[in-house]
Amino acid sequence: MSLAEEFQGVRVRAPGKINVFLAVGALQSDGYHELATTFQAVSLFEDVVATLSDDFTISVTGSVDVSGVPADETNLALQAAQLLATETGYEGGVHLDIRKEVPVAGGMGGGSADAAAALVACDALWGTDLSSQELHRLAAQLGADVPFALKGGTAVGTRRGDELSAALAHGRFEWVIVPNPVGLSTPAVYREVDRHRGEHQEALGEVSATPSVDAGVLQALRAGDARLLADVIRNDLQAATLRLRPDLADVLEFGETSGALAGLVSGSGPTVAFLVEDTTKADELRRVLMSAGHEAIHVYGPVHGARIV
Ligand code: ATP
(Lines give C-alpha, C1' and ligand atoms only; values in the text may rest on other atoms or scores of the structure.)
Protein backbone atom coordinates (compact mmCIF):
# COMPACT_ATOMS: atom_id res chain seq x y z
CA MET A 1 0.00 0.00 0.00
CA SER A 2 1.36 3.46 -0.88
CA LEU A 3 1.71 6.21 1.69
CA ALA A 4 -1.15 8.14 0.03
CA GLU A 5 -3.47 5.12 0.37
CA GLU A 6 -2.58 4.69 4.03
CA PHE A 7 -3.37 8.34 4.85
CA GLN A 8 -6.69 8.30 6.69
CA GLY A 9 -6.97 11.99 7.43
CA VAL A 10 -8.48 15.09 5.87
CA ARG A 11 -6.28 18.05 4.91
CA VAL A 12 -7.83 21.52 4.72
CA ARG A 13 -6.16 24.76 3.64
CA ALA A 14 -7.44 28.16 4.81
CA PRO A 15 -6.09 31.64 4.03
CA GLY A 16 -4.91 34.61 6.05
CA LYS A 17 -6.51 37.98 5.35
CA ILE A 18 -5.79 41.66 4.95
CA ASN A 19 -8.39 44.23 6.01
CA VAL A 20 -8.30 46.51 2.99
CA PHE A 21 -10.71 48.83 4.80
CA LEU A 22 -11.66 48.84 8.48
CA ALA A 23 -13.95 51.42 10.06
CA VAL A 24 -14.51 51.11 13.81
CA GLY A 25 -17.76 52.42 15.30
CA ALA A 26 -18.18 54.03 18.72
CA LEU A 27 -17.78 51.87 21.83
CA GLN A 28 -21.11 50.26 22.78
CA SER A 29 -22.49 49.51 26.21
CA ASP A 30 -21.60 45.80 25.85
CA GLY A 31 -17.93 46.74 25.35
CA TYR A 32 -17.87 45.96 21.62
CA HIS A 33 -17.63 48.16 18.53
CA GLU A 34 -19.55 47.78 15.31
CA LEU A 35 -17.20 47.32 12.40
CA ALA A 36 -17.44 47.89 8.69
CA THR A 37 -14.61 46.09 6.98
CA THR A 38 -13.54 44.74 3.62
CA PHE A 39 -11.52 41.57 3.90
CA GLN A 40 -9.34 40.13 1.21
CA ALA A 41 -8.08 36.55 1.58
CA VAL A 42 -4.41 36.37 0.56
CA SER A 43 -2.01 33.64 -0.46
CA LEU A 44 -0.56 32.80 2.94
CA PHE A 45 -2.13 29.55 4.07
CA GLU A 46 -2.70 27.48 7.15
CA ASP A 47 -2.88 23.71 6.61
CA VAL A 48 -4.82 21.61 9.08
CA VAL A 49 -4.68 17.82 8.90
CA ALA A 50 -7.36 16.06 10.93
CA THR A 51 -7.05 12.37 11.84
CA LEU A 52 -9.36 10.19 13.91
CA SER A 53 -8.59 9.87 17.61
CA ASP A 54 -10.37 9.07 20.87
CA ASP A 55 -9.31 12.41 22.37
CA PHE A 56 -8.88 16.00 21.22
CA THR A 57 -5.18 16.74 20.65
CA ILE A 58 -3.17 19.19 18.58
CA SER A 59 0.33 19.75 17.26
CA VAL A 60 1.54 23.02 15.72
CA THR A 61 4.48 23.65 13.39
CA GLY A 62 5.10 26.22 10.68
CA SER A 63 7.31 28.48 8.66
CA VAL A 64 6.58 31.26 11.19
CA ASP A 65 7.44 31.43 14.89
CA VAL A 66 4.75 29.29 16.53
CA SER A 67 6.00 29.62 20.11
CA GLY A 68 3.01 31.86 21.02
CA VAL A 69 0.45 29.34 19.79
CA PRO A 70 -1.17 27.23 22.51
CA ALA A 71 -1.08 23.45 21.98
CA ASP A 72 -3.98 22.78 24.36
CA GLU A 73 -7.75 23.28 24.48
CA THR A 74 -7.33 27.07 24.35
CA ASN A 75 -6.24 26.71 20.72
CA LEU A 76 -9.07 28.06 18.56
CA ALA A 77 -8.80 25.11 16.13
CA LEU A 78 -9.33 22.60 18.93
CA GLN A 79 -12.24 24.69 20.23
CA ALA A 80 -13.73 24.53 16.72
CA ALA A 81 -13.47 20.72 16.69
CA GLN A 82 -15.04 20.48 20.15
CA LEU A 83 -17.86 22.84 19.21
CA LEU A 84 -18.65 20.77 16.11
CA ALA A 85 -18.66 17.54 18.15
CA THR A 86 -20.98 19.06 20.76
CA GLU A 87 -23.36 20.50 18.17
CA THR A 88 -23.60 17.28 16.15
CA GLY A 89 -23.43 14.77 19.02
CA TYR A 90 -20.28 13.18 17.55
CA GLU A 91 -18.75 11.02 20.27
CA GLY A 92 -15.15 10.50 19.13
CA GLY A 93 -12.26 12.92 18.95
CA VAL A 94 -9.61 14.18 16.55
CA HIS A 95 -5.93 14.91 16.30
CA LEU A 96 -5.27 18.21 14.52
CA ASP A 97 -1.89 18.81 12.96
CA ILE A 98 -1.50 22.50 12.09
CA ARG A 99 1.11 23.94 9.79
CA LYS A 100 1.16 27.73 9.95
CA GLU A 101 2.31 30.27 7.35
CA VAL A 102 0.36 33.24 8.70
CA PRO A 103 2.28 35.35 11.25
CA VAL A 104 1.03 34.72 14.81
CA ALA A 105 -0.78 37.63 16.50
CA GLY A 106 -0.09 39.60 13.33
CA GLY A 107 -3.54 40.96 12.47
CA MET A 108 -3.89 38.52 9.58
CA GLY A 109 -6.38 36.16 11.16
CA GLY A 110 -4.18 33.06 11.42
CA GLY A 111 -5.99 31.59 14.42
CA SER A 112 -9.32 32.23 12.72
CA ALA A 113 -8.07 30.43 9.60
CA ASP A 114 -7.07 27.44 11.76
CA ALA A 115 -10.53 27.35 13.32
CA ALA A 116 -12.26 27.54 9.92
CA ALA A 117 -10.00 24.79 8.55
CA ALA A 118 -10.62 22.60 11.62
CA LEU A 119 -14.41 22.92 11.18
CA VAL A 120 -14.26 21.88 7.52
CA ALA A 121 -11.75 19.08 8.20
CA CYS A 122 -13.65 17.55 11.15
CA ASP A 123 -16.98 17.84 9.34
CA ALA A 124 -15.55 15.75 6.48
CA LEU A 125 -13.57 13.36 8.71
CA TRP A 126 -16.53 12.59 10.97
CA GLY A 127 -19.13 12.61 8.18
CA THR A 128 -21.28 15.10 10.08
CA ASP A 129 -21.98 16.80 6.76
CA LEU A 130 -23.21 20.23 7.88
CA SER A 131 -24.54 22.75 5.37
CA SER A 132 -22.44 25.84 4.67
CA GLN A 133 -24.98 27.94 6.64
CA GLU A 134 -24.56 25.67 9.66
CA LEU A 135 -20.78 25.84 9.40
CA HIS A 136 -21.02 29.63 9.14
CA ARG A 137 -23.13 29.77 12.31
CA LEU A 138 -20.57 27.72 14.27
CA ALA A 139 -17.73 29.80 12.80
CA ALA A 140 -19.34 33.03 14.07
CA GLN A 141 -19.53 31.54 17.58
CA LEU A 142 -15.78 30.94 17.53
CA GLY A 143 -14.69 34.45 16.52
CA ALA A 144 -15.63 37.40 14.35
CA ASP A 145 -13.03 36.62 11.66
CA VAL A 146 -13.73 32.88 11.41
CA PRO A 147 -16.70 33.13 8.97
CA PHE A 148 -14.53 35.06 6.51
CA ALA A 149 -11.77 32.44 6.66
CA LEU A 150 -14.41 29.86 5.69
CA LYS A 151 -15.65 31.95 2.79
CA GLY A 152 -12.46 33.55 1.43
CA GLY A 153 -12.34 35.80 -1.64
CA THR A 154 -13.16 39.46 -0.99
CA ALA A 155 -16.06 40.32 1.30
CA VAL A 156 -17.63 43.07 3.33
CA GLY A 157 -18.06 42.31 7.02
CA THR A 158 -20.42 44.28 9.25
CA ARG A 159 -21.59 44.01 12.87
CA ARG A 160 -18.47 42.48 14.46
CA GLY A 161 -17.10 41.65 11.02
CA ASP A 162 -18.95 38.32 11.01
CA GLU A 163 -21.99 39.36 8.96
CA LEU A 164 -20.63 38.84 5.47
CA SER A 165 -21.65 39.87 2.01
CA ALA A 166 -19.54 39.14 -1.05
CA ALA A 167 -17.73 42.03 -2.72
CA LEU A 168 -17.02 41.78 -6.44
CA ALA A 169 -13.31 41.93 -7.13
CA HIS A 170 -11.79 41.66 -10.57
CA GLY A 171 -8.31 40.41 -11.23
CA ARG A 172 -5.58 40.01 -8.69
CA PHE A 173 -4.16 42.49 -6.22
CA GLU A 174 -0.48 42.23 -5.34
CA TRP A 175 0.69 42.92 -1.79
CA VAL A 176 4.00 42.87 0.04
CA ILE A 177 3.60 42.13 3.70
CA VAL A 178 6.10 42.87 6.44
CA PRO A 179 5.53 40.62 9.47
CA ASN A 180 6.88 41.67 12.83
CA PRO A 181 8.45 39.33 15.37
CA VAL A 182 6.58 40.93 18.28
CA GLY A 183 2.80 40.36 18.07
CA LEU A 184 0.08 42.77 19.23
CA SER A 185 -2.95 41.91 21.30
CA THR A 186 -6.20 42.84 19.52
CA PRO A 187 -8.02 43.83 22.79
CA ALA A 188 -5.08 46.11 23.73
CA VAL A 189 -5.37 47.91 20.38
CA TYR A 190 -9.14 48.46 20.85
CA ARG A 191 -8.51 49.76 24.39
CA GLU A 192 -6.05 52.29 22.94
CA VAL A 193 -8.65 53.38 20.33
CA ASP A 194 -11.21 54.00 23.10
CA ARG A 195 -8.73 55.75 25.36
CA HIS A 196 -7.66 58.11 22.58
CA ARG A 197 -11.22 58.80 21.41
CA GLY A 198 -12.24 59.51 25.01
CA GLU A 199 -9.37 61.94 25.53
CA HIS A 200 -9.83 63.81 22.25
CA GLN A 201 -13.61 63.79 21.99
CA GLU A 202 -13.87 67.44 20.98
CA ALA A 203 -11.25 67.37 18.27
CA LEU A 204 -12.42 64.05 16.82
CA GLY A 205 -16.16 64.87 16.79
CA GLU A 206 -18.89 62.29 17.13
CA VAL A 207 -17.98 58.76 16.00
CA SER A 208 -20.83 56.89 14.29
CA ALA A 209 -22.03 53.76 16.09
CA THR A 210 -22.76 52.08 12.74
CA PRO A 211 -19.94 52.71 10.26
CA SER A 212 -20.05 51.64 6.62
CA VAL A 213 -17.53 50.74 3.93
CA ASP A 214 -16.69 53.63 1.58
CA ALA A 215 -18.25 53.19 -1.85
CA GLY A 216 -14.85 54.00 -3.41
CA VAL A 217 -13.38 50.79 -1.96
CA LEU A 218 -16.03 48.64 -3.60
CA GLN A 219 -15.64 50.52 -6.90
CA ALA A 220 -11.86 50.05 -6.92
CA LEU A 221 -12.19 46.33 -6.16
CA ARG A 222 -14.84 45.89 -8.87
CA ALA A 223 -12.62 47.69 -11.37
CA GLY A 224 -9.58 45.60 -10.32
CA ASP A 225 -7.69 48.89 -10.13
CA ALA A 226 -4.86 48.90 -7.59
CA ARG A 227 -4.19 52.64 -8.04
CA LEU A 228 -7.79 53.51 -7.22
CA LEU A 229 -7.74 51.12 -4.27
CA ALA A 230 -4.53 52.72 -2.97
CA ASP A 231 -6.36 56.04 -2.57
CA VAL A 232 -9.10 54.60 -0.37
CA ILE A 233 -7.56 51.88 1.80
CA ARG A 234 -8.02 52.77 5.47
CA ASN A 235 -7.72 51.21 8.89
CA ASP A 236 -9.22 52.96 11.93
CA LEU A 237 -7.04 50.79 14.19
CA GLN A 238 -3.85 52.04 12.56
CA ALA A 239 -3.32 55.20 14.63
CA ALA A 240 -3.74 53.21 17.86
CA THR A 241 -1.40 50.50 16.60
CA LEU A 242 1.23 53.11 15.74
CA ARG A 243 0.93 54.72 19.16
CA LEU A 244 1.56 51.32 20.76
CA ARG A 245 4.31 50.48 18.28
CA PRO A 246 5.95 53.66 16.91
CA ASP A 247 8.55 51.54 15.04
CA LEU A 248 5.84 50.54 12.55
CA ALA A 249 5.50 54.13 11.29
CA ASP A 250 9.06 53.94 9.95
CA VAL A 251 8.28 50.68 8.15
CA LEU A 252 5.18 52.26 6.57
CA GLU A 253 7.05 55.34 5.45
CA PHE A 254 9.96 53.32 4.10
CA GLY A 255 7.67 51.11 1.98
CA GLU A 256 5.59 54.02 0.74
CA THR A 257 8.69 55.89 -0.43
CA SER A 258 10.19 52.73 -1.98
CA GLY A 259 7.61 51.97 -4.65
CA ALA A 260 4.41 50.92 -2.85
CA LEU A 261 1.15 52.52 -4.02
CA ALA A 262 0.03 52.64 -0.38
CA GLY A 263 0.59 50.87 2.90
CA LEU A 264 -1.53 50.06 5.91
CA VAL A 265 -1.40 48.11 9.11
CA SER A 266 -3.38 44.88 8.68
CA GLY A 267 -6.23 44.55 11.18
CA SER A 268 -4.88 45.14 14.68
CA GLY A 269 -1.29 44.78 13.41
CA PRO A 270 1.62 44.61 13.71
CA THR A 271 1.88 43.20 10.16
CA VAL A 272 2.18 46.00 7.59
CA ALA A 273 0.73 45.42 4.11
CA PHE A 274 1.83 47.35 1.03
CA LEU A 275 -0.33 47.45 -2.07
CA VAL A 276 1.77 47.45 -5.25
CA GLU A 277 1.01 47.87 -8.94
CA ASP A 278 2.08 44.46 -10.27
CA THR A 279 4.30 41.45 -9.60
CA THR A 280 7.44 43.22 -10.86
CA LYS A 281 6.91 46.09 -8.43
CA ALA A 282 6.18 43.55 -5.69
CA ASP A 283 9.46 41.82 -6.29
CA GLU A 284 11.36 45.13 -6.33
CA LEU A 285 9.77 46.32 -3.09
CA ARG A 286 10.35 42.98 -1.41
CA ARG A 287 14.06 43.18 -2.25
CA VAL A 288 14.40 46.79 -1.04
CA LEU A 289 12.65 45.97 2.24
CA MET A 290 14.80 42.88 2.76
CA SER A 291 18.02 44.75 2.09
CA ALA A 292 16.93 47.23 4.77
CA GLY A 293 16.68 44.30 7.19
CA HIS A 294 12.91 43.65 7.11
CA GLU A 295 11.24 40.34 6.49
CA ALA A 296 9.03 40.84 3.43
CA ILE A 297 6.70 38.41 1.63
CA HIS A 298 4.93 38.88 -1.69
CA VAL A 299 1.32 37.66 -1.53
CA TYR A 300 -1.73 38.16 -3.72
CA GLY A 301 -5.46 38.15 -3.27
CA PRO A 302 -8.19 37.22 -3.48
CA VAL A 303 -7.80 33.47 -2.87
CA HIS A 304 -10.28 30.77 -1.88
CA GLY A 305 -11.58 30.13 1.65
CA ALA A 306 -11.14 26.96 3.74
CA ARG A 307 -11.28 23.89 1.53
CA ILE A 308 -10.13 20.30 1.37
CA VAL A 309 -6.90 19.81 -0.57
P1 ATP B 1 -7.08 38.59 14.57
O2 ATP B 1 -6.57 39.47 13.46
O3 ATP B 1 -8.10 37.58 14.13
O4 ATP B 1 -7.43 39.31 15.83
P5 ATP B 1 -4.37 37.77 14.79
O6 ATP B 1 -4.15 37.38 13.37
O7 ATP B 1 -3.83 39.08 15.23
O8 ATP B 1 -5.90 37.67 15.06
P9 ATP B 1 -3.75 35.12 15.72
O10 ATP B 1 -2.51 34.65 15.07
O11 ATP B 1 -5.03 34.61 15.18
O12 ATP B 1 -3.77 36.71 15.73
O13 ATP B 1 -3.64 34.80 17.29
C14 ATP B 1 -3.93 35.65 18.34
C15 ATP B 1 -3.69 34.89 19.67
O16 ATP B 1 -4.65 33.83 19.77
C17 ATP B 1 -2.34 34.23 19.77
O18 ATP B 1 -1.41 35.07 20.39
C19 ATP B 1 -2.60 32.95 20.57
O20 ATP B 1 -2.36 33.17 21.94
C21 ATP B 1 -4.09 32.69 20.42
N22 ATP B 1 -4.43 31.48 19.59
C23 ATP B 1 -5.35 30.56 19.85
N24 ATP B 1 -5.42 29.64 18.89
C25 ATP B 1 -4.53 29.98 17.97
C26 ATP B 1 -4.15 29.41 16.71
N27 ATP B 1 -4.70 28.29 16.22
N28 ATP B 1 -3.21 30.04 16.01
C29 ATP B 1 -2.64 31.18 16.48
N30 ATP B 1 -2.94 31.73 17.67
C31 ATP B 1 -3.89 31.15 18.40
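The values are calculated or read from the model by the stated rules, or taken from the named source; none is laboratory data. All values reported here derive from a predicted model rather than from experimental measurement. With ideal geometry, Cβ positions are generated from the backbone for all residues, glycine too; neighbour counts draw on all protein chains shown.
The rows are residues; the columns are (1) more than 23 Å from Thr186 (Cα to Cα); (2) touching a residue at least 60 places away in the same chain (Cβ under 8 Å); (3) not in a strand (DSSP E or B).
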{"residue": "Leu221", "(1), (2), (3)": "yes, yes, yes"}
{"residue": "Leu229", "(1), (2), (3)": "yes, yes, yes"}
{"residue": "Ala249", "(1), (2), (3)": "no, no, yes"}
{"residue": "Ser268", "(1), (2), (3)": "no, yes, yes"}
{"residue": "Arg286", "(1), (2), (3)": "yes, yes, yes"}
Problem set entry | Residues of the range 113-124 satisfying the condition of being closer than 18 Å to Ala71 by Cβ and within 11 Å of the ligand (Cβ to nearest atom) | Ala113, Asp114, Ala115, Ala117, Ala118
Exercise. In this structure, is Ala118 in contact with a strand residue (DSSP E or B) (Cβ under 7 Å, 6 or more places away or on another chain), aliphatic (A, V, I, L, M) and under 25 Å from Thr271 (Cα atoms)?
Worked result: yes
Seminar exercise, completed: Out of (1) within 16 Å of the ligand (Cβ to nearest atom); (2) in the same structural domain as Val69 (by TED's automatic domain parsing), the one Ser132 does not meet is (1)
Exercise. Restricting to the range 72-114, what's the tally of residues that are among the acidic types (Asp, Glu) and part of a helix (DSSP H, G or I)?
Worked result: 2
Exercise. Applying the selection to the range 136-179, what residues are within 11 Å of the ligand (Cβ to nearest atom) and closer than 28 Å to Glu295 by Cβ?
Worked result: Gly143, Ala144, Asp145, Val146, Phe148, Ala149, Gly161, Pro179
Seminar exercise, completed: Cβ pairs under 6 Å, 6+ apart or interchain, first in the range 70-99 and more than 16 Å from Val120 (Cβ to Cβ), second within 9 Å of the ligand (Cβ to nearest atom), ordered by first then second residue, are Ala71/Ile58; Ala71/Val60; Asn75/Ile58
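Can you tell me which residue among Ala124, Ala41, Ala118 is under 17 Å from Asp145 (Cα atoms), in contact (Cβ under 8 Å) with a residue 60 or more places away in the chain and part of a helix (DSSP H, G or I)?
Values: Ala124 fails: under 17 Å from Asp145 (Cα atoms); Ala41 fails: part of a helix (DSSP H, G or I).
After ruling out the rest, the residue left standing is Ala118.
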Exercise. Restricting attention to the range 49-59, does a residue exist that is touching a strand residue (DSSP E or B) at 6+ places or on another chain (Cβ under 8 Å), within 13 Å of the ligand (Cβ to nearest atom) and among the acidic types (Asp, Glu)?
Worked result: no
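A quick yes/no check of all residues on (1) within 17 Å of Asp145 (Cβ to Cβ); (2) touching a helix residue (DSSP H, G or I) at 6+ places or on another chain (Cβ under 8 Å); (3) at pLDDT below 95; (4) buried (at least 19 other Cβ atoms within 10 Å of the Cβ):
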residue	(1), (2), (3), (4)
Gln8	no, no, yes, no
Ala50	no, yes, no, yes
Ser53	no, no, no, no
Ser59	no, no, no, no
Exercise. Mind checking whether some residue in the range 235-252 is surrounded by 20 or more Cβ atoms within 10 Å (Cβ to Cβ) and closer than 14 Å to Glu277 by Cβ?
Worked result: no
Exercise. Within the range 61-71, how many residues are outside any loop (DSSP other than H, G, I, E, B) and within 11 Å of the ligand (Cβ to nearest atom)?
Worked result: 1
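So if I check each of Leu264, Leu184, which one is crowded, with 20+ Cβ neighbours inside 10 Å, at pLDDT 95 or above, within 16 Å of the ligand (Cβ to nearest atom) and closer than 15 Å to Gly106 by Cβ?
Going through Leu264, Leu184 in turn, the sole match is Leu264.
Table: residues versus (1) over 14 Å from the mean Cα position of the chain (by Cα); (2) within 12 Å of the ligand (Cβ to nearest atom).
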site	(1), (2)
Gln28	yes, no
Glu73	yes, yes
Leu83	yes, no
Thr88	yes, no
Gly93	yes, no
Val104	no, yes
